[in-house]
1. Show that you can apply the helix-only estimate: for chain C, add -39,500 (n - 2.57) for every DSSP H stretch of four or more residues, divide by all residues, and state [θ] at 222 nm to the nearest 500.
2. Starting from the Cα of residue A:21, step 7 Å along the direction of its Cβ; do the same at residue C:294; then give the gap between the two resulting points in nm.
3. Is the stretch C:163-316 best put as rounded, prolate or oblate by its Cα gyration tensor, with a ≥ b ≥ c the root eigenvalues, rounded for a/c under 1.5, and otherwise prolate when a/b is larger than b/c, oblate when not?
4. Extending each Cα 7 Å along its Cβ direction at residue B:39 and residue B:206, get the distance between those two points in nm, one decimal.
5. In nm, what is the difference between 0.36 nm times the number of residues separating residue A:451 and residue A:279 and their Cα-Cα distance?
6. Using a Gaussian network for chain B with springs between C-alpha atoms less than 10 Å apart, which of these wobbles most: B:161, B:202, B:179?
7. Can you work out the FRET efficiency for the pair residue A:185 and residue A:87, with r the C-beta to C-beta distance and R0 = 51 Å, to the nearest 0.05?
8. Distance in nm between label sites at residue A:40 and residue A:432, each 7 Å beyond Cα in the beta-carbon direction?
Amino acid sequence: MYALFFVLAVPLLGAAVLAFTGHRDYARNLNVVFSLSTFLAACWLTAEVISGGPMLVWKQQFFIDPLNVFLVTLTCFVGLTTAIFSRPYMRVEQDLGKMTPPRMRLYHSMYQLFNFTMLLGFTTNNMGIVWVSLEAATLTTLLLVSVYRTAASLEAAWKYFILCGVGIALALFGTVLLYMAAEKVLGPESATLLWTSLNAIKGDLNPSIIAIAFAFLLVGYGTKVGMVPLHSWLPDAHAEGPTPVSAVLSGLLLNMGMYAVLRVKVLTDGALHSVMAGQLMMGFGLLSLVVASFLLSRQKDVKRMFSYSSIEHMGLITFAFGMGGPVANFAGLLHMTVHSLIKSAVFFTVGQATQKAGTQIMSEIRGLIKINPTVGWGLMLSSMAILGMPPFGVFASEFLILTTAMREQPWATPFLLISLGVAFASILIRVLPMVYGETSLKPLAHSPALVPVFVHIGLGLVLGLYIPPYLNGWYVQAALMLGG
Amino acid sequence: MIIKLAPQLVNLAATLILMLSFAMISQRRISSLINLFTIQGAALVAASILLGYVTHQPDLYISAALTLALKVIFIPWMLHRVIRKLNVRWDVETLINIPTTMLVGIGLVIFSFSLAWPISRLSHNLAGGSLGIALAVVLLSFMMMITRSKAVPQIIGFLSIENGLVFAAISVTNGMPMIVEFGVALDLLVAVLILGVFMFQIREKIDSLDIHKLEALKED
Amino acid sequence: MSWLGLLSQLMAIVMALLLAPLMTGWVNQWRARLQNKSAPSLLQPYLVLHKLFNKESVLAEHASPLFRAAPYIVFGCMLLACAIIPTLSTDLPLSPAADAIALVGLFALARVFISLAAMDVGTAFGTMGARREMLVGFLAEPALLMVLFCASMVSRSTSLTTIVETLAHREFTIYPSFLVTGVAFTMVSLAENARVPVDNPETHLELTMIHESMILEYSGRHLALLEWAASLKLLAYSCIGLALFFPWGIAEANAPLALLLALPVLLAKLAVGGFLLALIETLSAKMRVFRVPEFLGSAFLLAVIGLLVNILLGVS
C-alpha cells in the first residue's frame, strides 16, 4: 500500500520541486535522484505483488496485477536511465544555447510530471482515470516536445495535439459507451467503471454496445499507440523534441496506449464471445507494420526513421496481441519490454551522434566510429538489436510471433516477412554509412556517458538468451490473463 | 408540465447544439465562432440542469456548474482576449469550400444517426434518443478541426468535440462519475491554457496563425 | 358547395388582397424606423397601387404577348396561392387543393413567367435578373420542399390544411426538428421574397438587383399588378410559415363570422412576423450574389437535418 503511494507521490513531488529549481546546476542530479527513488519504490511494489498476488488498493481505486506491475517497473527503469542520460546531454544543449533556464525548469518538472501521469495510468483501476491520465500524459509531452521553440517543433507539437486530441475524444466516447453498458448491469455508481468489477461481469455486458465501444476505444487509444491511419503525429513529435523526450515517448508512452487497449480487449472478448476484437487488432497492427516499413525506407532524418520503426514495432505488438493465445501474448509482452529498452538505447546513441554532428539528416552524418568508438559501437549494436538480429531479445519475440502467425494466421505471414525485411534493409543501409565512412570531424576528447545505452543493450541481450524465472512467471501469468 | 415536456426539451437542446455545430462549420468570422461556441455551452448547461431536475440527480447540477464556469465563462473570455491580442478576426480560407463541407457534414450526420440508432434503443434513459445527435456533433466538430487552416477554429473544434462528448454522457448515462468529470474538466482547462500559449509562440515564429504555413515536416 | 361556403371563400380572397399591401407597408415602416429614418405612412403601398393603376402602361415595340400576359398570370398565381393557404380557416371550399407540392408548383409557375417576361424585351438587366432569379429559385425550391416534407412527417400528409389541423389540435408538443426547419424556412422565404440579405428591395443599383431588375420594363397597371403580386407572395409565405409553426387561432369552419373572428389573431401574428422581418433586414448586410448559393445550400441542408432529426427521434 505504501509502495504504491511512494511510486505515485515521488514523481509528483519531483515535478513540484523541479518547477522552481530546474534551472540550477544540481537540478539534473536531482532529477536522477527522484527517478531513482521512484524506481526503488516500484521494485518494492513488484516484490509485494510477487509475494502477495494481485492487489486492490485504497477503496479499489488502484489495481496492481502481473500485467501492469512489470510495465510500472519498466517505466521507472527506463525513466531512471533516461534521467541519467539526460544529465550530460542537456548540459551540452544548454551550452549550445538551445535551452534557457525557464525552459530547463519546464523540461525537468514536466519530465517528472509525465512519469507521474504514466504511473497513474498504469496503476489505476478506474477506466475513466485511465483516460484522464493518458490525456494528461499527452499534455505534458506536448510541452516537452515543443521545448526548443523552433518552428518545426511547434508544428510537431500542434499536429501532435490535434491528432491526439481527436483520438482521445473518440476514446472518451468509447468510455462513455462502456459506462453505459456497465451501468445496465452494475448500476450508476462510480464503482461501475472499475476494471475489476467490469472484469467480473464481462459476460453480462451488452454485446452490441461493447462492440461499438471497442471500435471507438481501439481507434482512440490506438492513435496514442501510433496505429495507422492516425499515426502522422508520431514521426514529427518523436523527431523534434529533445532526445531524452524522444526516448521516453517511443519507449514508454506507446506502451501505455497499448496497455489501455489490452485492458479493454479483455473486457470485449468476455462480452462478445467472438474474435472480433482480435481480428480488428490484427488488421490494424498489420496495416501499421506494412505502411510504416515502406514509409521508413523514404526517410532522410535519422530520428524520423527510428520513429517509423517504433510505429512498425507497435504494429507488430498489436498484431501479436490480436492473435491471442498464450504464446502470442507472451511474445507481445516480451516484445514490449525489449522494444522499450532497445529503442530508448537507439535514441540515446542517435541523440549523441546528432548532437556531435549538429544535424539530424543521415546523409550528413558519417564516420561515427572514428569520432568516438563508444558512439559508433553503440549505434551499431542498438540498430542490430532493434532490427531483430539474434541473439538479442527482439529476435526472440519476433521469432515467436512469426511462428505463431505461420501456425494460426498463415495469410499474414508474407506481409510480416516482407515488411520486416524491408525495414531491416532500409535501416541497415542507412546506419552502416553513418557508422563507417569518411568524416572530417575531429574525434571526441572524452567518451560521452553512454552507460545507459550499454545497460539497455545488455538487458536486451540477456532477455534474448535467458529469461529469469520470476520474469517468465510474470509474463506467463499476464499472458494467461489476457486470454484469447 | 416541465416534467412532461422534459424529453422534448432535452431533444430541443440537442437539436440546437447540432444546429450550432453546423453554423460553426459555415461561419467565417472568428469572433462569431466563439460566440456560437458560448451559446452551445449554454444549451448544454440548460440540458444538464433540466435532466438533473427531472431525474433527481444532483451530480448533473455539478456537471452543469463545471460546464458553465469553463465553457460559457472562462474559455470564451480567454479566447476573445487572445484573438484581440493576436489581431485575428477573420478566417477566410478553408481547405474545402463551404458547400462541400456542409454536404460532407450531412453525410457525417447520417452516419452517426444510423450508428447510434441501435444503441439508443437500448438506453432506458430519458434522453437516449439524442446519442446520435451527440455523436454527430462530435464528428462535425472533428471535421471543422480538419478543414480549418487557422489555429483558433481548430481549438474551438476541439472544445466543441468535448461538448458533444459531455452531451453524449449525460444523455445515455446521466453523466459520468464525478471524479472522471473533474479529471476531464481539468485536462480541458490545461489544454486550452497550453494552446493559448502555443498560439503566441507560433505567431512569433512564423508571423502568422495559418497552420498551413507549418508544413516543413511533410513527408518527402 | 353551399352559398355560404362560396361567400366565405370570396371573403378570404378579398381579405388577402387587402392585407397584402398593408403587410408590405408595415414592414417598410418598421424598417425605416429601425434605421432611424422617417417612416412612410402605413397606407403608402395602397397609394402607390392607386397611382400606378391610373397611369398609362408603356410597352416596348417588340414586346410579345407573353410580356403583356405575364403580370396577369403572376398575379393570378399569387392570388390563388393566398386563397388556398389556410390563412383564416382550414375549411374553405378551395382548401382541399392546398397541397404543399402544388403550392410550390404555383410559385414555380409564377417564377417561370416573370423570368420569361424579363428576357422578352431583350435588355441586359432583364436577362441578368432572370438568370439570377432562376438560380435563387433552383436552390430555394428543394429547401422549401424539404421544410414542407419535414412538417408533413408529423401530420402524415402534405396537405396544408391537414398539417394545420393536426398541429393545432394536438396537445402542446415541442418538435425539436421545427427549430431547425424554422430557421431553414426563414432563410428560404428571405430568398424568395427578395429581402436582405439576398436582395435589397429598395435598391436602385441595377447591378445588384435580382427581383427588381425583372420588372424594370413594366409600368402602369402591369407594374401595379406585379407589385401587388410581390406583396401577395410575402403574405403567402408568411401564412405558410404561420400554418406550419404557429397554427393556433386558425378557424375550422366555413362561416364568414368565424373568418372574421380569426382575423385579429392573424393580424397579430402577421404584425409580429413583419416586425421580425424588418429586424432581420436591418441587422443583416446584403450578400454578394455568388454567396447566395451557399446561403440557400445551408438552408437545404438544415432542412435535411430537420428531417433526419425527425427520423432519429422517432416522430410519429
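Throughout, read-outs are computed from the coordinates displayed, never taken from laboratory work. Nothing here was measured: the structure is a model prediction, and the numbers come from that model. Because the Cβ atoms are built from the backbone with ideal geometry, glycine has one as well, and the counts that use them run over all protein chains shown.
1. Taken over chain C, the calculation gives -24000 deg cm²/dmol.
2. Reported label-point gap for residue A:21 and residue C:294 is 5.8 nm.
3. oblate
4. 3.3 nm
5. Details: separation 172, 0.36 × 172 = 61.92 nm, distance 4.13 nm.
Result for the pair: 57.8 nm of gain on full extension.
6. Top of the fluctuation ranking is B:179.
7. For R0 = 51 Å, the calculated efficiency reads 0.50.
8. Inter-label distance under the simple model: 4.7 nm.
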